[in-house]
1. Kindly indicate the residue of region 249-277 that is aliphatic (A, V, I, L, M), over 27 Å from residue 81 (Cα atoms) and out of contact with any Ser or Thr (no Cβ under 9 Å at 6 or more places or on another chain) and also modelled with the highest pLDDT among those meeting that condition.
2. Is it true that residue 218 is in contact (Cβ under 8 Å) with a residue 24 or more places away in the chain, buried (at least 17 other Cβ atoms within 10 Å of the Cβ) and assigned to a helix (DSSP H, G or I)?
3. Go through (1) modelled with pLDDT under 85; (2) closer than 21 Å to residue 6 by Cβ; (3) within 25 Å of the chain's Cα centre (by Cα) and name the single condition residue 18 misses.
4. For a quick check of your reading of the model, give me the residue pairs whose first member lies in region 53-77 and is closer than 27 Å to residue 107 by Cα, whose second is loosely packed, with under 12 Cβ neighbours inside 10 Å, with beta-carbon atoms closer than 8 Å and at least 6 apart or on different chains.
5. Give, as residue ranges, the helices (runs of 4 or more DSSP H) completely inside region 107-154 that count at least 2 residues that are modelled with pLDDT of 80 or more and not basic (Lys, Arg).
6. Among the residues of region 93-106, which ones are buried (at least 18 other Cβ atoms within 10 Å of the Cβ), at pLDDT 75 or above and within 25 Å of residue 42 (Cα to Cα)?
Amino acid sequence: MAVSEQIKAKALVQQQNEINDFAIYTLLARNTADVHNAKLLRKIAAEEKNHYHFCQSITGKDCTPSRYLVMFYLLLIKLLGSTFAAKYMESREIDAEAFYLELEAQYPQARRIYEQETRHENRLISMLHDSKLDYAGAIVLGMNDALVELTGTLSGVALAFNKTATVGVTGLIMGIAASLSMAGSAYLESKESNDTNIKPRIYALNTGGAYVVTTLFLVMPFFLFHSMWLALAVMFAFAALAIWLYSFYISVAKEAPFRSRFVSMIMLTFGVAVISFAIGFVARRFIGIDI
């Protein structure tokens with residue numbers, strides 16, 4: 001069967017992707033202690049290997065996995081868990097699906113591969129169990145509240161006070177106190193939950209820990225810089241980066257739209273900051289605070 005050079009070039013790209021995915025899914029299976037998860041991941045890896053051989057029959061060439069890509073996913077597994085890594089991989093499969101559909105007329109078996117890429121593998125991934133995703137809500141809760149509350153607080157006191165260190169200490173004290181309150185509330189909330197996979201103490205630690213870490217990043221500029229405006233600018237840059245990372249994680253882990261979540265979170269966080277900034281301006285102008 002004659003195959004155009006254009007199809008061969010696309011098949012070679014896809015062949016490389018498939019062998020990369022095979023290596024990564026194999027790595028995922030080896031790095032999970034859950035027997036159920038390991039079985040599912042090995043099944044997906046075997047499918048990716050079959051897809052690789054199909055592309056190889058078109059190109060007539062051999063490919064080896066990309067070492068750097070595999071190392072990247074190994075880091076992702078350690079930080080965010082196997083399920084997140086698997087879902088992130090599948091979110092990149094749109095080009096693969098289009099490629100196999102394009103080949104269907106010439107290679108009927110491409111239809112079966114397309115269906116595996118679009119439905120079967122997604123179904124298998126949805127069956128994965130990951131304790132790190134069970135506590136994603138706790139991390140999101142702590143991070144989300146810290147971003148909204150602390151950016152607002154720091155923006156308000158930045159105009160009320162003269163010294164950046166004073167703003168930083170104020171934000172740090174308020175942030176740590178709020179994190180303890182959040183952790184306590186999260187503990188009580190999780191105790192009332194019907195989800196037996198969630199342990200209240202770990203849920204509370206994740207909530208409070210996420211709040212504290214976010215607080216440290218937001219107050220850091222006020223200890224590093226003497227210029228209040230520069231410290232505020234860096235704080236907002238940290239906040240925007242944190243919101244981007246938070247939105248990206250949720251969009252992959254929960255399969256939710258990234259753009260709308262990111263925009264709404266930015267508007268909420270920065271909207272509260274602007275209002276607080278105005279309150280701080282009024283306090284300094286009419287109350288005459290000089291600290």
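The values are calculated or read from the model by the stated rules, or taken from the named source; none is laboratory data. Computed from a predicted structure; not experimentally measured. Note: ideal-geometry Cβ built from the backbone for every residue, glycine included; neighbour counts use all protein chains shown.
1. Restricting to residues being aliphatic (A, V, I, L, M), over 27 Å from residue 81 (Cα atoms) and out of contact with any Ser or Thr (no Cβ under 9 Å at 6 or more places or on another chain), the top hit is 267.
2. When the stated conditions are applied, residue 218 passes them.
3. Looking at each condition in turn, residue 18 falls short on (1).
4. Between residues of region 53-77 that are closer than 27 Å to residue 107 by Cα and residues that are loosely packed, with under 12 Cβ neighbours inside 10 Å, the close pairs are 56/62.
5. Helices (runs of 4 or more DSSP H) meeting the threshold: 110-115.
6. If the condition is that a residue be buried (at least 18 other Cβ atoms within 10 Å of the Cβ), at pLDDT 75 or above and within 25 Å of residue 42 (Cα to Cα), then 99, 100 are the ones that fit.
One line per residue, one yes/no per condition, for (1) of a type outside the set (A, V, I, L, M); (2) in contact with a Lys or Arg (Cβ under 8 Å, 6 or more places away or on another chain); (3) more than 18 Å from residue 151 (Cα to Cα):
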position	(1), (2), (3)
169	no, no, no
174	no, no, no
185	yes, no, yes
198	no, no, yes
218	no, no, no
228	no, no, no
240	no, no, no
246	yes, no, no
252	no, yes, yes
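Residue-by-condition table, conditions (1) polar (S, T, N, Q); (2) out of contact with any Pro (no Cβ under 6 Å at 6 or more places or on another chain); (3) exposed (fewer than 15 other Cβ atoms within 10 Å of the Cβ):
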residue: 159; (1), (2), (3): no, yes, no
residue: 166; (1), (2), (3): yes, yes, no
residue: 170; (1), (2), (3): yes, yes, no
residue: 173; (1), (2), (3): no, yes, yes
residue: 186; (1), (2), (3): no, yes, no
